[in-house]
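One structure below.
Rule-based calculations on the coordinates, nothing more; no lab input. Please read all numbers here as calculations on a predicted model, not as lab measurements. Neighbour counts are summed over all protein chains in view; Cβ atoms, including those assigned to glycine, are modelled from backbone coordinates with ideal geometry.
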Amino acid sequence: MTAVAFEYGARAATDFLDAHRLSARTPFQTRGWWRAWIREAADAEGATPVLVHLTRTDRPTVVVGLQLHQDGGTAVLRPLSWPWADYHEVAEVGDASPTGPGPDIEGLAEAIGRCQREFGARLELSNLVAEGPLVRAVSELGAAPQPSETVFRLDLTDPEVVQRVSERRDMRRKRRRIERLGTLRLTCADTSEGIAARLPAFIALHNQQWGDRPDAVAPFDGGVIDRTYAAVAAEPSSAARLHELWLDDTLLAGWFGFRHDRTYYAYRAAYNMSHGRDSPGHLLIAAMATELVGQGTDTFDLTRGDYAYKLELPSSSALTMAASLEQPCRV
């Protein structure tokens with residue numbers, strides 16, 4: 001037996017998330033991320049949350065997070081937390097079994113199609129996980145997926161990659177030079193309380209670097225962006241953490257990200273521009289790579305954006321996918 005249901009609006013979506021534990025395929029489908037984003041960012045984005053869930057007696061209950069927009073009088077369905085999230089995918093209720101049956105792709109396609117018809121909305125999906133259930137489901141509906149954005153990753157299971165990140169010649173030289181000024185140390189806040197204590201300093205560092213730049217993407221503004229980061233960090237299931245690199249008592253660089261299923265997802269970084277000649281961001285990556293390997297992390301996911309510093313690292317690239325379907329006749 002198959003049952004499809006929608007949770008429409010912030011209250012209904014949040015109530016569903018409060019009542020169910022989710023298995024997320026990336027940190028951007030965790031209950032904590034979705035709940036924080038709905039509470040703090042959805043209104044500012046002009047988005048109405050819609051959770052579509054497909055229940056079968058012999059398969060996991062699959063949840064698709066969507067958000068409904070009005071674009072010049074046209075209803076548009078986009079992934080929930082677009083454009084904040086770097087990856088979009090389905091989640092499952094409960095604990096996902098690596099050996100059990102996978103999601104019902106045909107049923108998932110039917111559920112998404114029913115949602116699209118219900119709201120008479122065009123479907124616009126981007127940054128889908130390549131070959132994942134969501135892109136396969138919309139392909140079943142007739143969408144033709146195309147490349148969306150490039151993402152970069154470091155393979156931490158490859159000792160050569162780790163060594164090249166942490167011990168390449170220019171990094172050794174810059175590390176020696178900056179260590180003449182004091183002691184370098186890496187810290188990591190990985191609890192809600194710890195991140196809350198350190199987040200204001202990270203935001204201040206980010207604003208020093210990006211505050212006056214016209215190319216800044218979603219800079220901290222003292223409002224919805226700051227509140228959303230704080231809300232995500234306050235949710236234990238979001239798996240957020242904040243790494244910082246220090247020179248004695250001077251904060252050199254920070255990275256707000258997530259460690260999820262043996263992968264570290266690097267979400268937003270900042271560095272102290274007064275030490276820019278010593279590449280504090282690269283020094284932070286080198287220190288983090290070593291720490292993450294020791295914790296059993298397989299991948300350092302640098303996420304989307306072909307920034308120059310990513311291209312300098314021994315990273316591999318992959319594509320996320322985009323797909324769209326035209327507005328159907330409303331039922």
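Pick out which of 226, 212, 248 has the largest mean-square fluctuation in a Gaussian network model of the chain, springs linking Cα atoms closer than 10 Å.
Among 226, 212, 248, the largest mean-square fluctuation in the Gaussian network model of the chain belongs to 212.
Calculate the spin-label point distance for residue 227 paired with residue 207, positioning each point 7 Å from the Cα along the beta-carbon direction, and give it in nanometres.
1.6 nm
In debye to the nearest 20, how big a dipole does region 152-254 give about its Cα centre with +1 on each Lys and Arg Cβ and -1 on each Asp and Glu Cβ? Don't skip to the end; give the middle numbers.
On the way: 16 positive and 16 negative charges, 138 e Å.
The calculated dipole for region 152-254 is roughly 660 debye.
What length, rounded to one decimal in nm, is gained on full extension from residue 130 through to residue 2, with 0.36 nm per residue of separation minus their alpha-carbon distance? Present the calculation step by step, with values, prior to reporting the outcome.
Details: separation 128, 0.36 × 128 = 46.08 nm, distance 2.60 nm.
Net length gain for the segment: 43.5 nm.
P(r) tail for region 151-228, what percent of Cα pairs lie past 16 Å? Could the numbers behind the result be given before it?
Values: 2143 of 3003 pairs.
Percentage above 16 Å: 71.
Determine the gain in length on full extension of the stretch residue 157-residue 324; use 0.36 nm per residue of separation and subtract their C-alpha separation, reporting nm with one decimal.
On the way: separation 167, 0.36 × 167 = 60.12 nm, distance 3.58 nm.
Residue separation times 0.36 nm, minus the Cα-Cα distance, leaves 56.5 nm.
Under the rule of -39500 (n - 2.57) per DSSP H run of 4 or more residues, summed and divided by the residues of the chain, what mean residue ellipticity at 222 nm is obtained, to the nearest 500 deg cm²/dmol? Mind dumping the intermediate values first?
Values: 10 runs with 112 residues, N = 331.
That comes out to -10500 deg cm²/dmol.
What residue among 160, 244, 140 has the largest mean-square fluctuation in a Gaussian network model of the chain, using Cα springs under 10 Å?
Highest fluctuation among the options: 160.
Net charge around residue 203, counting only other residues with Cβ within less than 14 Å of its Cβ (Lys, Arg = +1; Asp, Glu = -1)?
Working: positive: 198, 227, 268; negative: 221, 226, 244.
Residues close to residue 203 contribute a combined charge of 0.
Would you kindly compute the Cα radius of gyration of region 1-121 and its largest Cα-Cα separation (Dmax), both in Å?
13.8, 46
Between helix 280-294 and the chain, what is the angle of the helix's C-alpha long axis to the longest principal axis, kept within 0 to 90° and rounded to the nearest 10?
Tilt of helix 280-294: around 70 degrees.
How many percent of DSSP beta bridges within the chain run antiparallel, rounded to 5? Provide the component values of the computation, followed by the final result.
Numbers: 63 of 69 bridges.
Bridges in the chain that DSSP calls antiparallel: roughly 90 percent.
With Cβ to Cβ distances under 12 Å as the rule, what net charge do the other residues near residue 83 carry (K, R +1; D, E -1)? Could you put the intermediate results ahead of the total?
On the way: positive: 78, 304; negative: 45, 86, 124, 149.
Net of charged neighbours comes to -2.
Just to be sure I understand: with springs between alpha-carbon atoms less than 10 Å apart, which residue in 52, 76, 161 has the highest mean-square fluctuation in the Gaussian network model of the chain?
Of 52, 76, 161, the most mobile in the Gaussian network model is 161.
With no solvent and one equal point scatterer per Cα, compute the Debye intensity ratio I(q)/I(0) for region 262-317 at 0.23, 0.30 Å⁻¹ and report its log10, rounded to two decimals.
Results for region 262-317 at q = 0.23, 0.30 Å⁻¹ read -1.04, -1.40.
When the distances between all Cα atoms of region 50-90 are binned every 5 Å from zero, what whole-number percent does each bin get?
Result returned by the calculation: 6, 20, 22, 20, 15, 9, 5, 2, 0.
If the label point is 7 Å along Cα→Cβ of residue 70, which residues in region 33-51 have backbone nitrogen under 14 Å from it?
Taking a point 7 Å out along Cα→Cβ of residue 70, the residues of region 33-51 whose backbone N falls under 14 Å are 46-48.
For the pair residue 139 and residue 311, what calculated FRET efficiency results from E = 1/(1 + (r/R0)^6), where r is the Cβ-Cβ distance and R0 = 25 Å, to the nearest 0.05? Present the calculation step by step, with values, prior to reporting the outcome.
On the way: r = 31 Å, r/R0 = 1.23.
The computed FRET efficiency comes out at 0.20.
Given just the C-alpha atoms of the chain, how large is their convex hull per residue in cubic angstrom?
Details: hull volume 45.6 nm³, N = 331.
It is 138 Å³ per residue.
Taking K and R as +1 and D and E as -1, what net charge do the other residues with C-beta under 12 Å from the C-beta of residue 29 add up to? Working shown, then result.
Values: positive: 25, 31, 35; negative: 86, 89, 92, 261.
Result for the neighbourhood of residue 29: -1.
Count neighbours as other Cβ atoms within 10 Å of each site's Cβ, and list the GluC sites (Glu not before Pro) in region 261-331 that are DSSP loop with at most 10 such neighbours.
Details: sites: 291, 312, 326; in loops: 326.
Answer by residue number: 326.
Would you mind telling me the antiparallel percentage of the DSSP bridges in region 231-321, rounded to 5? Intermediate results must be reported in sequence, preceding the final value.
Values: 16 of 19 bridges.
For region 231-321, the DSSP antiparallel bridge percentage is about 85.
How large is the convex hull of the C-alpha atoms of region 157-297 per residue, in Å³?
On the way: hull volume 16.3 nm³, N = 141.
Once divided by residue count, the hull of region 157-297 is 116 Å³.
Among 210, 65, 8, which residue has its Cα positioned farthest towards the positive end of the charge dipole of the chain, with +1 placed on the Cβ of Lys and Arg, -1 on the Cβ of Asp and Glu, and the dipole taken about the Cα centre?
With unit charges placed on the Cβ atoms, the residue in question is 210.
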